[in-house]
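Chemist: Below is one structure. I have some questions about it.
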Amino acid sequence: MELVNLTRRTEIGSNSYWLKIGGKNVILDAGLHPKLEGLAAAPHFSLVPEGKVDAILITHAHQDHVGALPLLTRREPQARVFMTEPTARISDVMLHNAVNVMTRQREDDGISEYPLFTHRGVEFCSKAWHPRPLRKRFNLMGDPSDSDREVTFEFFDAGHILGSAGVLIRYDGKTVFYTGDVNFENQSLMRGASFPEEGVDVLIMETTRGDSPVPTGFSRANEEERLARGIQRAFERGGSVTIPVFALGKTQELLAILWNMRLRGQLAHVPIYIGGLSTKITGVYDALAETSVRSHPELQLLQEMAPYVLSGNEVQTISPRKKCIFALSSGMMTEHTLSNIFCRRIIGDANQSLFFVGYSDPNSPAGKIRRAAAGEDIHLEEGSPSIPLRCSVEEFQFSAHASRDTLRNYALLLKPSKVVLVHGDKPAIDWFQLSLFKELPETGVIIPEPGRSVAL
Ligand SMILES: [Zn+2]
């Protein structure tokens with residue numbers, strides 16, 4: 001059994017790993033790097049002999065896990081692609097949206113490699129998708145199988161976003177479990193992960209939050225209270241609240257948080273604005289509410305919260321009226337996105353409030369604002385004039401990723417013979433390496449160098 005890390009660097013970046021097991025080639029995830037441009041954002045698929053991939057297993061529909069899938073299926077048309085049904089529904093929306101974004105970037109930024117694939121490419125790709133349910137074993141042809149003589153896979157709910165799953169691969173009495181992105185605790189919509197609790201020989205584990213300890217006394221319920229009070233204060237000042245969110249996952253969790261606040265009498269029926277992609281994805285959450293693993297299966301977010309849909313044109317002109325909530329993507333306020341464009345009109349206004357509810361890369365526009373002092377000049381887009389930061393900025397923690405302690409405890413519970421640390425920046429991986437070295441001295445801890453084969 002061998003593993004090759006197909007990503008280009010050891011960092012949060014993107015995800016794609018080549019597992020050689022039982023004479024088969026299995027690719028785990030096919031993500032695009034969110035911060036790189038052009039083909040450099042794609043994994044090193046050329047390391048895999050062309051036409052030899054048997055199966056591709058996708059853990060969830062975030063771009064850094066599925067964004068390069070059309071490139072991979074173009075090289076590997078014979079490969080079957082397996083994912084959960086919600087992941088298939090959302091991936092379709094995400095990949096078609098990616099074509100539109102790349103086409104615009106080709107025009108605006110002159111990136112000649114874009115789009116890396118077309119709408120027809122996404123349609124071709126999706127013909128190879130075979131949705132499979134949680135907690136059932138299948139062979140790489142997609143047929144149910146309990147045989148240890150063939151390579152099988154089984155999805156387990158990962159509690160990260162709708163459809164997210166970890167995957168257990170079995171062959172000849174050996175097991176490999178890849179967590180994908182996971183959250184062990186309940187969010188407002190997603191329930192905590194339900195992962196295998198024994199019988200894992202090799203654990204491939206995400207490490208996103210390895211360098212950030214959970215503050216003492218932290219609880220999600222307290223955080224919701226704090227957010228409710230923050231919104232009330234902002235409204236009392238006579239302004240609106242802008243919350244940069246990812247279109248997939250964070251938008252729907254935030255809508256559920258606001259719905260809860262309304263039920264508790266902490267929030268009036270104020271107008272809520274979201275973007276078009278967020279609306280489409282929320283529609284998938286609603287359509288699958290009763291058949292997917294989540295809390296409040298009765299809650300139809302679009303119907304209950306009735307958000308206004310802001311188009312790319314409207315966001316240029318709409319004025320931030322009093323007592324509104326603007327939950328706009330992207331979460332990191334990347335250039336050309338709704339949150340970046342809209343925030344240019346609010347950050348210089350002391351009556352307005354800007355709330356962050358999740359992770360931002362320190363070098364992203366959101367990261368720059370979070371580091372900045374009051375009154376400091378902020379450049380939200382290259383070439384645009386700088387604006388002094390005068391709005392109120394507050395931070396809240398509603399991460400969709402497991403805390404480092406719950407992840408470490410999961411590894412301690414399994415006591416695997418090997419742990420492979422992936423999807424983390426260096427300080428995060430270092431923390432896990434040291435902590436597992438101390439507490440699981442019998443376990444081999446592997447940090448897979450990009451492009452190098454490691455024996456499992
Ligand atoms: Zn994710």
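Chemist: Can you tell me which residue within segment 236-290, out of those that are free of Cβ contacts under 8 Å to residues at least 40 places away in the same chain and within 23 Å of the chain's Cα centre (by Cα), is farthest from the ligand (Cβ to nearest atom)?
Modeler: Only one residue tops the list, namely GLU290.
Chemist: Then there's this: For GLN303, indicate whether it is surrounded by fewer than 16 Cβ atoms within 10 Å (Cβ to Cβ), polar (S, T, N, Q) and at pLDDT 95 or above.
Modeler: Working: surrounded by fewer than 16 Cβ atoms within 10 Å (Cβ to Cβ): yes; polar (S, T, N, Q): yes; at pLDDT 95 or above: yes.
It is true that GLN303 is surrounded by fewer than 16 Cβ atoms within 10 Å (Cβ to Cβ), polar (S, T, N, Q) and at pLDDT 95 or above.
To keep it simple, each residue is scored yes or no on (1) under 23 Å from VAL176 (Cα atoms); (2) in a helix (DSSP H, G or I).
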| position | (1), (2) |
| --- | --- |
| LEU3 | yes, no |
| ARG9 | yes, no |
| GLY51 | no, no |
| PRO70 | no, yes |
| VAL81 | yes, no |
| VAL99 | no, yes |
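Chemist: Does ALA350 satisfy being touching a Lys or Arg at 6+ places or on another chain (Cβ under 8 Å), touching a residue at least 40 places away in the same chain (Cβ under 8 Å) and not in a strand (DSSP E or B)? Can you show your working first?
Modeler: Numbers: touching a Lys or Arg at 6+ places or on another chain (Cβ under 8 Å): yes; touching a residue at least 40 places away in the same chain (Cβ under 8 Å): yes; not in a strand (DSSP E or B): yes.
Yes: the conditions hold for ALA350.
Chemist: Still on this structure: Which of the residues belonging to segment 347-379 are within 15 Å of LEU328 (Cα to Cα) and of a type in the set (A, V, I, L, M)?
Modeler: Across segment 347-379, the qualifying residues are ILE347, LEU354, VAL357, ALA366.
Chemist: Now a separate question. How about segment 421-439: which of its residues are under 16 Å from THR179 (Cβ atoms) and out of contact with any Asp or Glu (no Cβ under 6 Å at 6 or more places or on another chain)?
Modeler: LEU421, VAL422, GLY424, ILE429, PHE432, LEU436
Chemist: In segment 83-97, how many are outside any strand (DSSP E or B) and under 19 Å from ARG294 (Cα atoms)? Can you show your working first?
Modeler: Going residue by residue through segment 83-97, those that are outside any strand (DSSP E or B) are 84-97.
Okay, now just the ones that are also under 19 Å from ARG294 (Cα atoms), so 84-91.
Selection size over segment 83-97: 8.
Chemist: Give segment 252-300 a look and list any residue that's in contact with a helix residue (DSSP H, G or I) (Cβ under 7 Å, 6 or more places away or on another chain), buried (at least 20 other Cβ atoms within 10 Å of the Cβ) and not hydrophobic (A, V, I, L, M, F, W, C), or say none.
Modeler: GLN252, GLY275, SER278, THR282, TYR285, SER292
Chemist: OK, next. Would you mind telling me which numbered condition in (1) at pLDDT below 95; (2) touching a helix residue (DSSP H, G or I) at 6+ places or on another chain (Cβ under 8 Å); (3) not basic (Lys, Arg) ASP109 fails?
Modeler: So ASP109 meets the others, but not (2).
Chemist: Hey, LYS35 hits all of (1) surrounded by fewer than 23 Cβ atoms within 10 Å (Cβ to Cβ); (2) in contact (Cβ under 8 Å) with a residue 60 or more places away in the chain; (3) not in a loop (DSSP other than H, G, I, E, B) but one; which does it fall short on?
Modeler: For LYS35, the exception is condition (3).
Chemist: Sticking with this one: With respect to ALA40, determine if the residue is more than 16 Å from the ligand (Cβ to nearest atom), under 22 Å from HIS423 (Cβ atoms) and of a type in the set (Gly, Ala, Ser).
Modeler: On the way: more than 16 Å from the ligand (Cβ to nearest atom): yes; under 22 Å from HIS423 (Cβ atoms): yes; of a type in the set (Gly, Ala, Ser): yes.
Here the answer is yes, as ALA40 does meet what is asked.
Conditions tested, residue by residue: (1) within 16 Å of the ligand (Cβ to nearest atom); (2) surrounded by fewer than 24 Cβ atoms within 10 Å (Cβ to Cβ).
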site	(1), (2)
THR152	no, yes
PHE156	yes, yes
HIS160	yes, no
LEU168	no, yes
THR175	no, yes
ASP181	yes, no
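Chemist: Between residues in segment 334-346 that are among the charged types (D, E, K, R) and residues that are assigned to a loop (DSSP other than H, G, I, E, B), which pairs lie under 6 Å by C-beta distance while being six or more apart or on different chains?
Modeler: GLU335/GLU381; ARG344/LEU380
Chemist: A further question follows. Which residues, taken from segment 388-425, are within 16 Å of the ligand (Cβ to nearest atom) and on the phi > 0 side of the Ramachandran plot?
Modeler: HIS423
Chemist: Next question. Checking THR216 against (1) in a loop (DSSP other than H, G, I, E, B); (2) under 21 Å from the mean Cα position of the chain (by Cα): exactly one of these is not met. Which one?
Modeler: (2)
Chemist: From GLY331, GLY424, grab the single residue that is assigned by TED's automatic domain parsing to the domain that holds LEU36, surrounded by 15 or more Cβ atoms within 10 Å (Cβ to Cβ), of a type outside the set (Lys, Arg) and modelled with pLDDT under 95. Walk me through how you get there before you give the answer.
Modeler: On the way: GLY331 fails: assigned by TED's automatic domain parsing to the domain that holds LEU36.
Sole residue among the options that is assigned by TED's automatic domain parsing to the domain that holds LEU36, surrounded by 15 or more Cβ atoms within 10 Å (Cβ to Cβ), of a type outside the set (Lys, Arg) and modelled with pLDDT under 95: GLY424.
To keep it simple, each residue is scored yes or no on (1) polar (S, T, N, Q); (2) in contact with a helix residue (DSSP H, G or I) (Cβ under 8 Å, 6 or more places away or on another chain); (3) within 20 Å of SER295 (Cβ to Cβ).
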| position | (1), (2), (3) |
| --- | --- |
| SER194 | yes, no, yes |
| VAL200 | no, yes, no |
| PRO213 | no, yes, no |
| GLY217 | no, no, no |
| GLU223 | no, no, yes |
| PHE235 | no, no, no |
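Chemist: From LEU302, LEU277, LEU328, LEU288, which residue is out of contact with any Leu (no Cβ under 6 Å at 6 or more places or on another chain) and either of a type in the set (S, T, N, Q) or closer than 24 Å to LEU227 by Cα (or both)?
Modeler: Working: LEU277 fails: either of a type in the set (S, T, N, Q) or closer than 24 Å to LEU227 by Cα (or both); LEU328 fails: out of contact with any Leu (no Cβ under 6 Å at 6 or more places or on another chain); LEU288 fails: either of a type in the set (S, T, N, Q) or closer than 24 Å to LEU227 by Cα (or both).
Checking each option against the conditions leaves just LEU302.
Chemist: Follow-up question, since we're still on this one. Examine segment 44-51 for a residue that is out of contact with any Leu (no Cβ under 6 Å at 6 or more places or on another chain) and farther than 15 Å from ARG452 by Cα, and state whether such a residue exists.
Modeler: yes
Residue-by-condition table, conditions (1) under 21 Å from ARG191 (Cβ atoms); (2) at pLDDT 95 or above; (3) basic (Lys, Arg):
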{"position": "LEU248", "(1), (2), (3)": "yes, yes, no"}
{"position": "THR251", "(1), (2), (3)": "yes, yes, no"}
{"position": "ALA256", "(1), (2), (3)": "yes, yes, no"}
{"position": "ARG262", "(1), (2), (3)": "no, yes, yes"}
{"position": "ALA268", "(1), (2), (3)": "no, yes, no"}
{"position": "TYR273", "(1), (2), (3)": "no, yes, no"}
{"position": "GLY276", "(1), (2), (3)": "no, yes, no"}
{"position": "LEU288", "(1), (2), (3)": "yes, yes, no"}
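Chemist: So if I check each of SER240, SER194, which one is among the hydroxyl-bearing types (Ser, Thr, Tyr) and outside the structural domain of SER147 (by TED's automatic domain parsing)? Show your work before the answer.
Modeler: Numbers: SER194 fails: outside the structural domain of SER147 (by TED's automatic domain parsing).
Criteria check complete, one pass: SER240.
The values are calculated or read from the model by the stated rules, or taken from the named source; none is laboratory data. The shown structure was predicted, so the numbers you read here are calculated from the model rather than taken from an experiment. Counting neighbours? That spans all protein chains shown, and the Cβs are built from the backbone with ideal geometry, glycine included.
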